[in-house]
Amino acid sequence: MIYFVIHHPRKENVMESSHISALSAKHAGLEARIKAETSRPMPDASLVASLKKQKLRLKEEMAAHH
């Protein structure tokens, strides 16, 4: 029996687009958390640094998908 693999570029583009949208939403959420933490009277510097690292990783992943 012979099987054929059918390539659906449109489906892949939709999946890729939704993945990037999810990454973008996470990126925006991290930005909001950073803004909220830095606006507090005594922001937790280690938390802010951790959030910024997470945000940078997401930005790099989004850039890799373009």
Residue match in segment 2-12 (condition: modelled with pLDDT under 95 and among the basic types (Lys, Arg)): yes
Residue among GLU37, GLU16, GLU60 that alone is part of a helix (DSSP H, G or I) and in contact (Cβ under 8 Å) with a residue 24 or more places away in the chain: GLU16
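The values are calculated or read from the model by the stated rules, or taken from the named source; none is laboratory data. None of the values given here were measured: they were computed from a predicted structure. For neighbour counting, all protein chains shown are included, and Cβ atoms are generated from backbone atoms with ideal geometry for every residue, glycine included.
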